[in-house]
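The values are calculated or read from the model by the stated rules, or taken from the named source; none is laboratory data. No experiment lies behind these values; they were computed from the predicted model shown. FYI the Cβ positions are ideal-geometry reconstructions off the backbone, even for glycines, and counts take in every protein chain you see.
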Amino acid sequence: MDPLDNTTTPTDIGMEPVKHHSYRMIVITLIVILVGIGGAVVLSNNLLKSKMKEEINLTPTGTSATTENETQTVPVVEPIANRAQPWVEIVQSTQQPAVVGQDLTLDVVASSTGKDITGYDVLIYIDRTMFDIVSVTSDLPNFSIYQFDKKTHLTVTGIKDLQDRTQSIFDNTILLKVVVRPKQVGSGTVSLYKSEGKEKTQLVDAQVTVIEPQIGSSQISIQ
């Protein structure tokens, strides 16, 4: 079980609100180390556990992640241009038709072109007029994920298990399973943002080098 109960809505613990998206991975890594060192103590202390949940939220207490005036900016749907370079895309798991009211599974797939990856951020765009988001789960057992619903998009941060010394080279590797439920007949976009505001889709390798991958998306016809 995730030590933070798979929380998706975290804030801050008596410190200035985090100003930059890159801090999220640092903060979460420190939390993972803390849990690894004193897991029993941390998990038995409900107050500390609650504070840890608040710590990984990038939204200041008492504020909303979005305002009423914010709307989803639809990314351009396009294929990966050069698969010899790092890329991340979101595609349907199978060729089954998308049907209103029936769950549909999407895969977030990546290639790191030989780089050993220890963490990632992906900014997932789902057309919420066409789909409800049911769940997001890691397909990699050695990566823990943390979800941040920004209303305009879903940010998912993946952190590799600190005890895992094996290499994690992504080669058409499924990172996440995203289950959505179509709401109406038509055509809906599922995609990743390359960047949105101060956030961006990125991979981080074992040398702590930030890799900005190409982005792929899909247009789904709903019956």
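Across region 157-172, the qualifying residues are those that are among the aliphatic types (A, V, I, L, M) and modelled with pLDDT under 95, and the one among them that is nearest to LYS115 (Cα to Cα) is ILE159.
Of all residues in region 184-218, those satisfying the criterion of being under 13 Å from the mean Cα position of the chain (by Cα) and more than 26 Å from MET130 (Cα to Cα) are GLN202, LEU203.
Condition test on THR137, is it in a loop (DSSP other than H, G, I, E, B) and modelled with pLDDT of 95 or more?
Numbers: in a loop (DSSP other than H, G, I, E, B): no; modelled with pLDDT of 95 or more: yes.
No; evaluated as a whole, the condition is false for this residue.
Among residues of region 192-215 that are within 10 Å of LYS115 (Cβ to Cβ), those with a Cβ under 8 angstrom from a residue that is acidic (Asp, Glu) and not in a loop (DSSP other than H, G, I, E, B), sequence gap 6+ or separate chain, pair up as ASP205/ASP116; ALA206/ASP116; ILE211/ASP205. For GLY114, the conditions (1) at pLDDT 95 or above; (2) assigned to a strand (DSSP E or B) all hold with the exception of (2). Within region 77-103, residues that are touching a residue at least 12 places away in the same chain (Cβ under 8 Å) and surrounded by 15 or more Cβ atoms within 10 Å (Cβ to Cβ) have Cβ atoms under 8 Å from residues that are among the β-branched types (Val, Ile, Thr) and part of a loop (DSSP other than H, G, I, E, B) in these pairs: PRO86/THR113; TRP87/ILE80; VAL88/THR201; GLU89/ILE80, counting only partners at least 6 apart in sequence or on another chain.
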